[in-house]
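Here's the structure we're looking at; comments come further down.
Values in this text are rule-based calculations from the coordinates and carry no lab data. Predicted, not measured: the structure shown is a model, and the values here were computed from it. Here the Cβ is made from the backbone with ideal geometry for all residues, glycine too, and neighbour counts use every protein chain on show.
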Amino acid sequence: MNPTKKKQRPSKYLIVMSVVLSVLCTCLMVFDVVTCRETNLVNACLEKEKYLQAMAYSGNYETEGIIDYIKETYMTSASDYCFVAVDGELVFVRDDNYTESLEETNLKKHFDISNRTQKIEGCKKAYVVTSEGSVWNLICHDIKLAEQTMTLGICVRNEFLVSTGDFDILLQHSVLYMVLFSIAFIVSIVFLSSREKENRLMEIKLTEQLQENRRLIERLGERLEAQSEMEYQKENGFCTREVVSQIMDKLTAEQKEKSRKLVIRMKETSSASIVKYSVLLERMKVNKCVCCMWEEDTFLVLLLNTDEHGANNFVKNFLLQYQKMFRQDAKDIQISAEEW
């Protein structure tokens, strides 16, 4: 098995776990905030409903008595106040002075109560309404009298009501989520840092290996070049009969078929002729050509990897070089091609 794959699998699992943990913490935090807000809203409205029932009972179900009870016990403010309406007309809102300054005393019109009003689920008679350009929570309690219907209500600004709820659990949960999210973030940062360090080390190691490979290739190239030069020296030029015999013995049938063997015979043998032809063959630089003094009156020339056309060119070049070197024609020799 490839060891790099073993290293990659835990890393992939770690990244996936960190991402999943972060997404899960974010979703739980959002869900917890929404749920806690709705729960606090419902619980606060239920508490207000209980207070309205106690208000009606303490005021002996009479308008003046209930108003006096509100003034004595309920701490009204711009965001949280009570009101009393009789047959849909407001008779008390916050205090007497504010009630007298109202331009619209109709309950439904003042609080914009319509069919589109949102009812708060979980409460008997609690709504989300619009009043004075703001969103309010309206909790009502109706009292059926002999000839009238009295409505008691508490109006609380939406933000104020939610803020009065118990947010300790939400705070604890938020801290827990942030801790988990921080752990996932820190683990991801540490992992990425370690991977970056590993990548740098791997890059340095690969660079060193590349340089070492280049040096090795250079050394091999030098060896091959030296070896080629040695082989060229062995397989080219004027050699001894033993060397040529060894070359001929090593040639395969296929190599012999692709090569040519020329025999140069001297009609008259003399020391001067032998020297002249030996010097000429030594100076002729033909690729893959070896030659030697095969017998007292015979020179042997091996043209390796050469066809008949190449052999003819060698003969023509040999005669031309002889004329240039000795200023005469080579009339005392006979050149022929022989079979292997």
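Applying 1/(1 + (r/R0)^6) with R0 = 25 Å to the Cβ-Cβ distance of PHE160 and GLU64 gives a FRET efficiency near 0.30.
Once the C-beta distance of ALA253 and GLN323 is scaled by a Förster radius of 35 Å, the resulting FRET efficiency is 0.40 to the nearest 0.05. Looking at region 237-338 alone, DSSP beta bridges between its own residues are antiparallel in about 90 percent of cases.
The value of relative contact order for region 237-338, using C-alpha pairs under 8 Å at least six residues apart, is 40 percent. Could you pull out which residues in region 182-207 have an amide N less than 17 Å from a spot 7 Å beyond the Cα of PHE31, following the Cα-Cβ vector? Within reach of a label on PHE31, which here means backbone N under 17 Å from a point 7 Å along Cα→Cβ, region 182-207 contributes nothing.
For the residue pairs LYS258/LYS324; LYS288/LYS316; LYS261/LYS288, alpha carbon separations beyond 20 Å are given by LYS258/LYS324. For an R0 of 56 angstrom, estimate the FRET efficiency from the Cβ-Cβ distance between LYS144 and ILE189 and round to the nearest 0.05. Plugging the Cβ-Cβ distance into 1/(1 + (r/R0)^6) gives 0.25.
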